[in-house]
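Report on the following structure.
The values are calculated or read from the model by the stated rules, or taken from the named source; none is laboratory data. Since this is a predicted model, take the numbers as computed values, not measurements. For neighbour counting, all protein chains shown are included, and Cβ atoms are generated from backbone atoms with ideal geometry for every residue, glycine included. Accessible surface areas use protein heavy atoms only, side chains included; no ligands, DNA or RNA. Shrake-Rupley method; radii C 1.70, N 1.55, O 1.52, S 1.80 Å.
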Amino acid sequence: MRKIIFLLVLIGGLVLTGCRQTKKITASSDEGKIVASTSWTAAFADIAGADQVKIIAPASLQHPPEYEITVSDIQTIEKSQYFIYAGFERMMKTLGDAVGQTQMVKITCDNSIETVSKESRKIAEIWGSQEKCEKRLLEYVSEITNAKADLEKRGLAGARVLCNKNQTYLAKDLGLEIAAVFGPGPVTSDQIADAKTGNYDFIIDNVHNPQGAPLAEVAPNAKYVVWRNFPENVERGALLNVIKANIKTLE
């Protein structure tokens, strides 16, 4: 109880310290200025042109959005100039929409070309890294479009997919047909029956909340693959590495 009260008092003090700053920063001054909620939001900042981004939820977690924030984490965010988050993180129930003078930057997270392009450009505009962003974005888009062309050559264009709801975005960009979805909750008896008769080519699951194993058991002709969204590391090209690994599972 004392810890909770201390957290609330600390947050209240931070919110009252001042208004948000909007001054742009340069790549050379990124360190300590940009903090992201998870490795996924940090990966968007990386594509946007930020090279030294700290994260709050450890990248090693299977489901980073469930991370419980600490007093030390709040202090780290308060010292930063920008905090990038998606809104679905449990920590946001504690933080609210303001932390002292830190500018809160909310983005949408999925790995589609459309969303990654839109959100990374939004972040890049904040600190003036548009040129770097466009170069990194081109790498990302090219990887997906080239993979789509390769799938077409292999006769997999329009392949029927039973897909975890949280992995449909990349699958669509690759030209796969999302014939049905499952998750994030447990699969139902109707979904199991459909998997058995649906003539699916792939069952694509989500490593952060896997639910597809029962479906794979009754659909032996479908290749069962597991994709991820949250990078395992905070590094240059983190999200690019994620989709490369996801695409490779389709081989």
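In region 137-251, how does Rg compare with the Kirkwood Rh, expressed as the Rg/Rh ratio over alpha carbon atoms? It would help to have the intermediate numbers written out before the result.
Values: Rg = 14.1 Å, Rh = 14.4 Å.
For region 137-251, the value is 0.98.
Just to confirm the number: angle between the C-alpha axis of helix 113-127 and the first principal axis of the chain, 0 to 90 degrees, nearest 10?
10 degrees
Any chance you could run the full-extension gain for residue 172 through residue 209? It's 0.36 nm times the residue separation minus the Cα-Cα distance, nm to one decimal. Let's see the in-between values first.
Values: separation 37, 0.36 × 37 = 13.32 nm, distance 1.98 nm.
Extra length from residue 172 to residue 209 when fully extended: 11.3 nm.
Per 5 Å bin, what is the whole-percent P(r) computed from every C-alpha pair distance within the chain?
1, 6, 13, 16, 16, 14, 12, 9, 6, 4, 2, 1, 0
Rg/Rh for region 128-179: what does it come to with C-alpha atoms and Rh from Kirkwood?
On the way: Rg = 13.6 Å, Rh = 12.2 Å.
Rounded to two decimals, Rg over Rh is 1.12.
Within region 41-97, which chymotrypsin sites (Phe, Trp or Tyr not before Pro) sit in a loop by DSSP and count at most 12 neighbouring Cβ atoms inside 10 Å?
Sparse-neighbourhood loop chymotrypsin sites (Phe, Trp or Tyr not before Pro): 88.
Which residues among region 177-197 fall inside the zone where the amide N is under 17 Å from a point 7 Å beyond the Cα of residue 66, along Cα→Cβ?
183-187
Quick one: 3J(HN,Hα) in Hz for region 38-55, Karplus 6.51/-1.76/1.60 with θ = phi - 60°, rounded, Gly and Pro as x.
The phi angles translate into 9, 5, 6, 5, 5, 5, 5, 5, 4, 5, 5, x, 8, 10, 9, 10, 8, 10 Hz.
Taking Rh as the Kirkwood radius, which is the inverse of the mean 1/r over Cα pairs, what is the Rg/Rh value for region 193-245?
Working: Rg = 13.8 Å, Rh = 12.3 Å.
Result for region 193-245 is an Rg/Rh of 1.11.
Test of the criteria: in region 123-210, which trypsin sites (Lys or Arg not before Pro) are in a DSSP loop and have at most 11 other Cβ atoms within 10 angstrom of their Cβ? Write down the numbers at each step before the final one.
Values: sites: 132, 135, 136, 148, 153, 154, 160, 165, 172, 196; in loops: 154.
Those satisfying the criteria are 154.
In whole Hz and in residue order, list the ³J(HN,Hα) couplings for region 230-245 that follow from phi through the Karplus curve 6.51 cos²θ - 1.76 cosθ + 1.60, θ = phi - 60°; x for Gly and Pro.
In residue order, the calculated couplings are 7, x, 7, 9, 9, 7, 4, x, 4, 6, 4, 5, 4, 6, 4, 5 Hz.
Of 102, 113, 239, which is farthest towards the positive pole of region 83-241's charge dipole, taken about the Cα centre with +1 and -1 on the beta-carbons of Lys, Arg and Asp, Glu respectively?
102
Which of rounded, prolate or oblate describes region 68-142 when judged by the alpha-carbon gyration tensor and an a/c cut-off of 1.5?
Details: a/c = 2.86, a/b = 1.82, b/c = 1.58.
In terms of gyration-tensor shape, prolate.
Quick one: angle between helix 2-15 and the longest Cα principal axis of the chain, in degrees between 0 and 90, rounded to 10, please.
70 degrees
Tally up the carbon and sulfur contribution to the accessible surface of the chain as a whole percent, 1.4 Å probe, everything protein left in place.
51 percent
Stokes-Einstein diffusion coefficient for region 150-192 at 10 °C in a medium of 1.306 mPa s, Rh from the Kirkwood formula over Cα pairs: what value in µm²/s? Please list the in-between numbers first.
On the way: Rh = 11.1 Å.
Rounded to a whole number, D works out at 143 µm²/s.
Which log10 I(q)/I(0) values, to two decimals, does region 96-182 give at q = 0.15 Å⁻¹ under the Debye formula with one point per Cα?
These q points yield log10 I(q)/I(0) values of -0.69.
Give me, ordered by chain and number, the residues 5 or more places off residue 36 or on other chains with an amide H under 5 Å from its own placed amide H.
54, 55, 56, 84
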